[in-house]
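Participant: This is the structure I want to talk about, given as structure tokens.
The values are calculated or read from the model by the stated rules, or taken from the named source; none is laboratory data. Remember, it's a predicted structure, so these values are computed and weren't measured experimentally. Glycine gets a Cβ as well: all are built from the backbone with ideal geometry, and neighbour counts include every protein chain shown.
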Amino acid sequence: MFSIHLKTALGYIRRSPFQALAASFVLTLTFFVATTVSVLVYSSSRLISYFETRPQVIAFLKDGVSDADVANLQHSLQSDSRIKDVKYVSKEEALSIYQKATSDNPLLGQLVSPSIFPASLEFSVADLSYAQSVIDQIKANGIVDSVGFTAALGGESSLKDVVTRLNTITLYVKMGGSIFVGMLAITSLVVLLIIISMRMANKREEMEILNLIGATRGFISSPIIMEAVIYAIFGVFMGWLISFITILYAAPTVVSYFGEIPVLPNGILGLSELFGIILAVELFFGLFLALSGSLLAITRVKKAR
Amino acid sequence: MIKLNKVTKRFGSIVALDNISFEVKDGEFVFITGPSGAGKTTILKLILGQIVPDVGEVIVDGTDVGKLKLKDLPSFRQKMGVVFQDFKILPERTVDENVQVALAVIGLSKTEWDVRVKHALKLVGLSRQINLFPSQLSGGELQRLSLARALSVNPKIILADEPTGNLDWQTSDDLMKLFQKINEEGKTILMATHNLEIVKKHKKRVINIVGGKMENKTKNQKSEIEPKA
């Protein structure tokens with residue numbers, strides 16, 4: 001039974017190639033944009049997550065504090081769920097970091113001794129929103145001289161600005177992408193509606209004959225629904241594939257541009273996993289689009305005896 | 001059994017059928033005759049459930065057709081074979097596919113299609129045209145295909161609406177022989193026609209409709225059943 005409907009649906013497509021082309025093109029475009037926007041949203045989320053979890057809080061310790069006090073503070077930081085990656089940096093290590101940072105001018109490194117650098121405890125916060133309360137808490141500790149925040153990014157306000165800007169960009173990507181994909185999805189639905197309605201108008205006689213020989217509404221409408229499903233599946237696969245190939249092609253450049261920031265999943269396997277999930281979701285929406293479009297067109301036809 | 005009981009059907013101000021009553025017994029071959037516009041096709045449409053009577057009832061095998069719900073109509077129609085004057089063949093399907101569609105409609109397993117299709121096409125003499133498209137067939141062949149499609153579902157009742165209307169005399173005669181043969185196999189046949197030559201040649205019961213009313217005289221009676229008042 002399925003094969004006769006499929007054969008009929010394929011026959012419909014073959015006999016009106018331009019309608020099929022229009023439907024396929026619009027659906028391909030919709031799902032190409034949807035795939036690309038999904039990857040953009042994923043990448044920007046990873047970017048924000050990277051910066052949010054990056055901030056290094058450095059608690060500079062007073063001179064002459066005992067190892068036991070340092071160990072106690074380190075332990076209490078490690079047991080705090082808001083804090084991660086706690087690391088003790090001794091005076092010698094601090095000098096080494098300084099020397100490394102000033103390697104282009106070795107004289108600067110030779111003029112200082114480890115004693116001028118304070119030992120410190122460095123750590124990250126699990127989420128940027130915890131930063132202020134953690135800093136306040138650390139500052140109150142007796143062995144802490146001062147607290148520095150994200151030296152690499154130029155200070156607390158600078159990091160906040162970066163994350164705020166990224167959040168805004170991500171929001172725009174999400175909103176703009178959703179609106180664009182939504183508009184394309186509506187266009188696809190309308191195109192499907194028009195094509196299915198035209199098909200039904202063209203096949204009125206055939207449908208009447210089938211009705212007279214006892215075909216159910218389901219039997220009559222099956223090839224029409226199947227045709228819409230074929231367009232949707234084709235559109236999903238093509239849109240997804242073009243986007244996948246484009247991103248695969250651009251991946252080396254993107255990865256090298258962002259350096260250690262993981263804007264794309266690691267390796268082909270991770271990328272395939274991400275695209276696999278996107279494909280599954282898009283197939284679901286594609287089928288939803290096809291079924292709703294064709295059923296809407298079918299229900300608009302007046303029921304006759 | 002087909003029974004029309006005091007059936008009246010109007011289309012706006014036009015009375016298509018006026019107080020029509022008759023019965024067709026199982027295995028009978030009955031002609032419905034009358035001039036164009038007399039109401040012959042309306043009777044067949046009522047029996048097929050395409051339209052409902054304004055007054056009276058149409059009973060087919062105990063089912064009141066007028067009271068059938070939309071969802072029950074397909075299964076009701078699947079029990080009947082219909083042959084139309086304008087053939088109503090699916091133009092984009094080959095001869096065998098046209099018959100296969102009817103089998104798919106009744107939900108017959110695909111494994112049985114081949115045997116049924118070949119048998120039906122052999123019966124109507126279209127075995128050689130099995131892969132042709134309707135546009136490649138003559139009028140007589142199209143009508144035989146229409147009959148093959150109707151027969152393939154093995155219906156108890158065959159409704160034929162002017163099946164010889166578009167055919168020459170020889171082709172009509174061949175087709176009528178087929179109907180005769182099918183009737184002898186036990187099928188009930190109700191045929192609307194204005195071809196009086198055919199009616200005269202085949203001595204069957206005739207229900208004559210004129211202006212939507214039944215004429216009380218019968219022609220070429222083989223079995224006489226007076227229309228019920």
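Participant: Which pairs have Cβ atoms under 7 Å, sit 6 or more apart or on different chains, and link a residue in segment B:137-148 that is free of Cβ contacts under 8 Å to residues at least 24 places away in the same chain to one that is surrounded by fewer than 24 Cβ atoms within 10 Å (Cβ to Cβ) and assigned to a loop (DSSP other than H, G, I, E, B)?
Facilitator: The qualifying pairs are B:141/B:126.
Participant: Can you tell me how many residues in segment B:152-184 are within 14 Å of another protein chain (Cβ to nearest Cβ), out of contact with any strand residue (DSSP E or B) (no Cβ under 6 Å at 6 or more places or on another chain) and either of a type in the set (Asp, Glu) or in a helix (DSSP H, G or I) (or both)?
Facilitator: Residues meeting the conditions: 1.
Participant: Check whether at least one residue in segment A:201-220 is touching a His at 6+ places or on another chain (Cβ under 7 Å), under 28 Å from residue B:81 (Cα atoms), of a type in the set (Gly, Ala, Ser) and assigned by TED's automatic domain parsing to the domain that holds residue A:32, and report yes or no. Please lay out each step first, then the result.
Facilitator: First pass over segment A:201-220, keeping only residues touching a His at 6+ places or on another chain (Cβ under 7 Å): none.
No: zero hits.
Participant: Of everything in segment B:163-174 that's in contact with a helix residue (DSSP H, G or I) (Cβ under 8 Å, 6 or more places away or on another chain) and either touching a residue at least 60 places away in the same chain (Cβ under 8 Å) or within 23 Å of residue B:77 (Cα to Cα) (or both), which residue is surrounded by the fewest Cβ atoms within 10 Å (Cβ to Cβ)?
Facilitator: This residue is B:166.
Participant: If a residue must be surrounded by fewer than 19 Cβ atoms within 10 Å (Cβ to Cβ) and aliphatic (A, V, I, L, M), how many such residues does segment B:130-162 contain?
Facilitator: Here the count works out to 3.
Participant: So, one more: State yes or no: is residue A:179 in contact with a helix residue (DSSP H, G or I) (Cβ under 8 Å, 6 or more places away or on another chain), farther than 20 Å from residue A:15 by Cβ and modelled with pLDDT of 90 or more? Walk me through how you get there before you give the answer.
Facilitator: Numbers: in contact with a helix residue (DSSP H, G or I) (Cβ under 8 Å, 6 or more places away or on another chain): no; farther than 20 Å from residue A:15 by Cβ: yes; modelled with pLDDT of 90 or more: yes.
No, not satisfied.
Participant: Has segment B:185-198 got at least one residue that is part of a helix (DSSP H, G or I), at pLDDT 90 or above and farther than 29 Å from residue B:6 by Cα?
Facilitator: Within segment B:185-198, not a single residue is part of a helix (DSSP H, G or I), at pLDDT 90 or above and farther than 29 Å from residue B:6 by Cα.
Participant: Would you confirm whether or not segment B:92-103 contains a residue that is more than 8 Å from every other protein chain (Cβ to nearest Cβ), out of contact with any Cys (no Cβ under 9 Å at 6 or more places or on another chain), in contact (Cβ under 8 Å) with a residue 40 or more places away in the chain and assigned to a loop (DSSP other than H, G, I, E, B)?
Facilitator: Yes, the conditions are met somewhere in segment B:92-103.
Participant: Kindly list, by first and then second residue, each pair from a residue in segment B:198-214 that is farther than 14 Å from residue B:34 by Cα to a residue that is of a type outside the set (Lys, Arg), limited to pairs with Cβ atoms under 7 Å and residues at least 6 apart or on different chains.
Facilitator: Between residues of segment B:198-214 that are farther than 14 Å from residue B:34 by Cα and residues that are of a type outside the set (Lys, Arg), the close pairs are B:202/B:176; B:202/B:180; B:203/B:220; B:204/B:29; B:204/B:30; B:204/B:31; B:204/B:220.
Participant: Separate question: Do the conditions hold for residue B:53, that is, is it loosely packed, with under 14 Cβ neighbours inside 10 Å and farther than 30 Å from residue A:6 by Cβ?
Facilitator: Considered against the rule, which asks whether it is loosely packed, with under 14 Cβ neighbours inside 10 Å and farther than 30 Å from residue A:6 by Cβ, residue B:53 comes out as no.
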